[in-house]
Amino acid sequence: MTVTRFAPSPTGFLHVGNLRTALFNYLIARKQGGQFILRLDDTDPERSTQEYADGIQEDLEWLGLTWDRMERQSERLDRYNAAADELRAAGRFYECFETPVELDLKRKKQLNMGKPPVYDRAALALSEAEKDALRAERSGHWRFKLDQERIEWKDGILGDLSIDAASVSDPVLIRGDGQFLYTLASVCDDVDFGITHVVRGSDHVTNTATQIQIIEALGGSVPAFAHHSLLTGPQGEALSKRLGTLALRDLRAQGIEPMALLSLMARLGANEPVELRSSMEELIEGFDLSQFGSAPTKFDVADLGPMTAKAVAALPYGEMEQSLAELGVPSDIAPAFWEVARENVATRAGIADWWALCRDGAAPLVDAEDADFVATAKDLLPAQPWDGDSWKSWTTAVKEATGRKGRGLFMPLRKALTGMEHGPDMSKLMPLLQKHRL
């Protein structure tokens, strides 16, 4: 069975970059009838908060990315300790004592000599007595000892990849303060949860190479890895500096529709064009990981506006009936009101403005040169209630009385009745107006 996971750290709110990873893993699992796991990487007690954990769940639920189960790494520390003991017993785990300053000096020396800045494994040469002496003055951290051979795998997006483990530092898996780092905890989880597919950003490619060896050292099955390109701004600029303004909760507050956001992210960077989908089932059916490439993917938040307007316009009356009732739209005119409003709002929030116009009327917008014309038109305005023929009969009468026609006839009347220069077909809007201020 296909099993995927999304593994955010509850140290901040989700942004569009996180969403891309979550969505790809979700779609893969659902298309194969498998499981999608939400895993909170909360081993950092200082930065992880329940507020962010709750926020992550709220954002995913808003988007409809439901999970089959949730796991917390903070509840699995005993498992990580057992894995560490297993690696020690196998000779694949060793304690190191260099401080960050000492490691930095080593890296600079290697670079000056034209060598790659790879950890020199000096700790392996320490005697037990030397280790004891170092332990007395500082805490040790633990590194996984890589087999220095070429690590190869077929990436679901990038194709055949290989990394020479000799060019990579043995990864630190446990910090000096005893905190488990991402790599060990993640590998243990992937092994224990039976993860079959891992999709994540291309900045994790080197991590994947080392994790493959750790998975094998723990006797697990290596999942199928795929690394999607990273998002950039619309001009190719780094998006990382702007992610704080692209939090999912902020997009939600702006009225962005979930299906608009999901439709964009499910196709952005693929060979096929972005198309608004009407349901999660359509997204799942149309998703194909092989359509994505390695080139940086441009993301422009401005694209979400038109897609949201299109998504709102596509909402059937049945889905909006309750919302319209809550606004106070009478049930007898609600279907007709929705047909008028749906094509004229940028977000759902705009629906309230149209109902306010219909319910209360609008302050007339009359240009000085049209004052006399509008005064004449007011005298010819038929009594309410209005119907589908009212607009035509009114404009015909005004035309005969004033001689105006075309834009010079219709625009001043629209502005006088609605306070706006643009809007729905007046023959459809006029019957919905409960009041007017003309």
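Quick notes on this one:
- A single member of ARG47, ARG72 is closer than 30 Å to ARG20 by Cα and in contact with a helix residue (DSSP H, G or I) (Cβ under 9 Å, 6 or more places away or on another chain), and it is ARG72.
- Residue that is in contact with a Pro (Cβ under 8 Å, 6 or more places away or on another chain) and hydroxyl-bearing (Ser, Thr, Tyr), where the choices are THR4, THR49: THR49
- Residues in the stretch 386-438 that are of a type in the set (D, E, K, R) and within 24 Å of ALA346 (Cα to Cα): ARG414, LYS415, GLU421, ASP425, LYS428.
- Those residues of the stretch 209-239 which are closer than 15 Å to SER186 by Cβ and of a type in the set (A, V, I, L, M), in sequence order: ALA209, ILE212, ILE214, ILE215, ALA217, LEU218, VAL222
- Here the condition is being surrounded by 18 or more Cβ atoms within 10 Å (Cβ to Cβ) and either of a type in the set (Ser, Thr, Tyr) or not in a helix (DSSP H, G or I) (or both); of VAL398, VAL329, it holds for VAL329 alone.
- Filtered by the rule that a residue be within 30 Å of LEU433 (Cα to Cα), surrounded by fewer than 17 Cβ atoms within 10 Å (Cβ to Cβ) and in contact (Cβ under 8 Å) with a residue 12 or more places away in the chain, the stretch 281-314 gives GLY305, LYS310, ALA313, ALA314.
- Scanning the stretch 119-144 for residues that are under 36 Å from the mean Cα position of the chain (by Cα) and basic (Lys, Arg) yields a count of 1.
- For the stretch 350-395, a residue qualifies if it is on the phi > 0 side of the Ramachandran plot and assigned to a helix (DSSP H, G or I), but none of them does.
- Scanning the stretch 175-208 for residues that are in contact with a Phe, Trp or Tyr (Cβ under 8 Å, 6 or more places away or on another chain) and among the aliphatic types (A, V, I, L, M) gives LEU184, ALA185, VAL198, VAL199.
- Residues satisfying the stated conditions in the stretch 24-47, i.e. modelled with pLDDT of 95 or more and of a type in the set (Ser, Thr, Tyr): TYR26
- Hits in the stretch 367-380 (condition: in contact (Cβ under 8 Å) with a residue 40 or more places away in the chain and surrounded by fewer than 18 Cβ atoms within 10 Å (Cβ to Cβ)): ASP367, LYS378
- Residue in the stretch 151-173 that is in a loop (DSSP other than H, G, I, E, B) and surrounded by fewer than 16 Cβ atoms within 10 Å (Cβ to Cβ) present: no
- The set of residues in the stretch 279-305 being farther than 13 Å from LEU63 by Cα and assigned to a loop (DSSP other than H, G, I, E, B) consists of PHE287, ASP288, GLY293, SER294, ALA295, PRO296, PHE299, ASP300.
- The requirement of being out of contact with any Gly (no Cβ under 7 Å at 6 or more places or on another chain), in a helix (DSSP H, G or I) and not polar (S, T, N, Q) is not satisfied by LEU276.
The values are calculated or read from the model by the stated rules, or taken from the named source; none is laboratory data. Everything numeric in this text was worked out from a predicted model, so none of it was measured. Neighbour counts run over all protein chains shown; Cβ positions are idealised from the backbone, glycine included.
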